[in-house]
Amino acid sequence: MATGHTTGHGPQRRGVLLGMLGAAGTAGAGALGAVTPARAEARNGTATRPAVAPEDFDFDHGNAVRDLIYGGSDILEQPVAAMDVAIIIRFTHLSQTAWFDAIAPYHPTAVGIYSRLGRRPAGERETNRNRNIAILYAALRMFENILPQVVHERRDMMTRLGLDPDDRREDTETPVGLGNLAARGVIEHRERDGMNQLGDEGGRTHHPAPYADYLGYVPVNSAYELTDPSRWQPELGPHLRRHGDQWPSDFGAFIVQQFAAPQWRATTPYSFEDVNEFRCPPPVDSDHTDAEAYRAQVDDILARSAALTDEQKVMAETFDNKFTGIGRPVAAAAEHHGLDLDGWVHLCMTCSTATFDAGIAAWNEKSRHDSVRPFSAVRHVYGDRRVTAWGGPGRGTVDGIPGNQWRAYLKVGDHPEYPSGSTTLAAAQAHAARLFLDSDELGYRRTAAAGSSLVEPGITPAADLELRWDTWTDYVHDCGVSRTWGGVHFMSAVEASWDLGPRIGQVAYEFVWRHITGRAR
C-alpha cells in the first residue's frame, strides 16, 4: 500500500502554514445518506460546531467555506447522485478554483489559476470580511453556470446574508467584483475543456446533451451476453428514481448501464500535460485465459461477500458516497488542523486538484484496460453452480446461491473495473493533503445511526456505529479495501490505485503550491 511519505519545504513553507493555524477540531457528519448539515467535532469527539444560520454569520471572523458551504445544508446533494463521481468532482473542483482565485488578491503571495486580479492593500486583509464576500459571489456564479437547478437556494442564502445576488459588477477593487471575475475566469477556461459540459461536442448541433460521450465508446459485451470474460460488461438492473433521500425502483423497468463520462479521460488536466504518463500495469488476474488466477480472484470476492460485517457494510457505503468518502474528509482535516479561511481554501484547492486530475488518469486507464467487473466474472466462473455469499438485504450469508444470481453489496459503478476510481481519488487526495499539512493526521469521524444503511435500511448497523480515521493512511487503506467488501472491485484494482493516486497527488500539490507561493508562471 502506498503510504505517501510527507516532505517539507523548509522555513518559508512552515511560516506560511503557521499563519493558517487556529483552533483545532475534527469533522463529522450525520447518518449515512442523510442530507444534513455537517458537524465538526472537537478533538475529543464530544463537542460539535453547530451550523451557522446566514442571519448569524460573522463576516469579519467567520469562515464562509466552513460555516456556510460545508457547514450548511449541502444543496449539491439534491440534484446529483452520491455515486456520480465525475459530476461531483467536476463541480467541486471548478467551484473551489473560483474560491481560490477570488481570494488570491487578499493573500500576501498567492496568484490565481485562471484570473490574475492583482493584490489588494494589506489593510483589506485584516479580517475575513472581504474574503468571505468574494468567495460567496464566486460560489453563486459557479452554481448559476453548472447547477442552475438549485441556484435559487444559493440566491436565498445570499439574500439572508444581506448580499445582493444580482450584483454582477466586475472590478478588482471590491470583493463582489473579484468574486464575479474569478468565477467568470473559471467558466471561460473550463466550459470547453473536453468534458462536454455544454453538450455540443462531436459536432452535435441540435438538442444539446451535457456530459454525453462524444468519443464513441462501445462495449465489447452486451448486458445480455458476455462474449469476452476479460472485458467490461454493462449491467442490467432496475430503473431507480430519486425520492427524498432514497432510490426506490420502478417495478418492472430495467435499464442497461452505459460507460459514464468516458470523455473524462480527454478532459484538460491542471497539474500535468500528458495523461499517458500515469499508467497502470495490465490487470493480469482478470485475463480469463489464465483460468486459475481468474477463478482465484472471483473466489476472493465471494469470500469477502460471505464474511461481511456491519462495520464493513457501513464503511463500503461511506466510501461509495462521494460526498462522505471524498468531500467530508477534507473538511475534517481542515477542522482537525485548525486552518483559518485561507488555509481551508488552499487545502480544498490542493485536494480537489488532486481528485480532478486523478479522475482523468483513472478514466484513461479504465478505458484502456476495459476490465471485467466482479459480477460478470462470478457469473462466468460459476454459472448456475452454487456459491456461498451475502444473500441480499436482511438475509445475511446464504449457502446455495446460483453464481449467475450473485449480486454485489453495492450498486456496481457504470464504468470498467480497473483501476478503482474511488481508491485512486482517495489516494491522490490523501497524498496531496499530507504534503500540504506536513502531517498524516486526519481526524475524520462518522457516526452511522442504527438502521441507517441505504442497502439494508432498518437493519444495518444493528446499533449506532462510529467510524474513525485518525490518519490519511488509514483512510486510503479502508477506502480501497471497502471496494472489495462492496463487491465492486477486485483487490488488484485497489492495489493499482494505491500506486497511481499518490503519483498524481504529488504533481497536484506542487501545482497548487506554486500558485500559493506566487511562483506559478
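The values are calculated or read from the model by the stated rules, or taken from the named source; none is laboratory data. Model, not experiment: these values are computed from the prediction. When we count neighbours, we look across all protein chains shown, and the Cβ atoms used for this are built from the backbone with ideal geometry, even at glycine. SASA here: full protein model, heavy atoms, side chains in, ligands and nucleic acids out. Shrake-Rupley method; radii C 1.70, N 1.55, O 1.52, S 1.80 Å.
Below is a table of values for the structure above.
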item	result
Residues located in segment 359-418, provided they are out of contact with any Phe, Trp or Tyr (no Cβ under 9 Å at 6 or more places or on another chain), part of a loop (DSSP other than H, G, I, E, B) and farther than 16 Å from Gln258 by Cα	Gly383, Asp384, Arg385, Gly391, Gly392, Pro393, Gly394, Arg395
Residue satisfying condition, being at positive phi and either assigned to a helix (DSSP H, G or I) or touching a helix residue (DSSP H, G or I) at 6+ places or on another chain (Cβ under 7 Å) (or both), within set Gly185, Gly194, Gly216	Gly194
Failed criterion for Arg395 (all others in (1) surrounded by fewer than 19 Cβ atoms within 10 Å (Cβ to Cβ); (2) basic (Lys, Arg); (3) under 27 Å from the mean Cα position of the chain (by Cα) hold)	(3)
Segment 495-515, subset among the aliphatic types (A, V, I, L, M) and buried (at least 24 other Cβ atoms within 10 Å of the Cβ), residue farthest from Lys366 (Cα to Cα)	Val512
Near pairs, Cβ below 7 angstrom, 6+ apart or cross-chain, from segment 190-204 (among the charged types (D, E, K, R)) to any residue that is open to solvent by less than 10 Å² (accessible area, probe 1.4 Å)	Arg190/Leu94; Asp193/Thr267
Leu117 in contact (Cβ under 8 Å) with a residue 12 or more places away in the chain and outside any helix (DSSP H, G or I)	yes
In segment 159-174, the residues that are free of Cβ contacts under 8 Å to residues at least 60 places away in the same chain, open to solvent by less than 40 Å² (accessible area, probe 1.4 Å) and either touching a His at 6+ places or on another chain (Cβ under 9 Å) or not β-branched (Val, Ile, Thr) (or both)	Leu163, Pro165, Asp167, Asp171
Failed condition for Gly343, given (1) touching a residue at least 24 places away in the same chain (Cβ under 8 Å); (2) closer than 19 Å to Gly480 by Cβ	(2)
Top-ranked residue of segment 308-338 - restricted to ones that are part of a loop (DSSP other than H, G, I, E, B) and farther than 18 Å from Ala86 by Cα, ranked as nearest to the chain's Cα centre (by Cα)	His337
Condition met for Ala212 (within 13 Å of Ala98 (Cβ to Cβ) and either open to solvent by 60 Å² or more (accessible area, probe 1.4 Å) or out of contact with any strand residue (DSSP E or B) (no Cβ under 7 Å at 6 or more places or on another chain) (or both))	no
Some residue of segment 94-110 being open to solvent by 30 Å² or more (accessible area, probe 1.4 Å), touching a Leu at 6+ places or on another chain (Cβ under 9 Å) and either of a type outside the set (Asp, Glu) or assigned to a helix (DSSP H, G or I) (or both)	no
Single residue of segment 420-451 satisfying the filter (in contact with a helix residue (DSSP H, G or I) (Cβ under 8 Å, 6 or more places away or on another chain) and part of a loop (DSSP other than H, G, I, E, B)) that is farthest from Gly394 (Cα to Cα)	Asp438
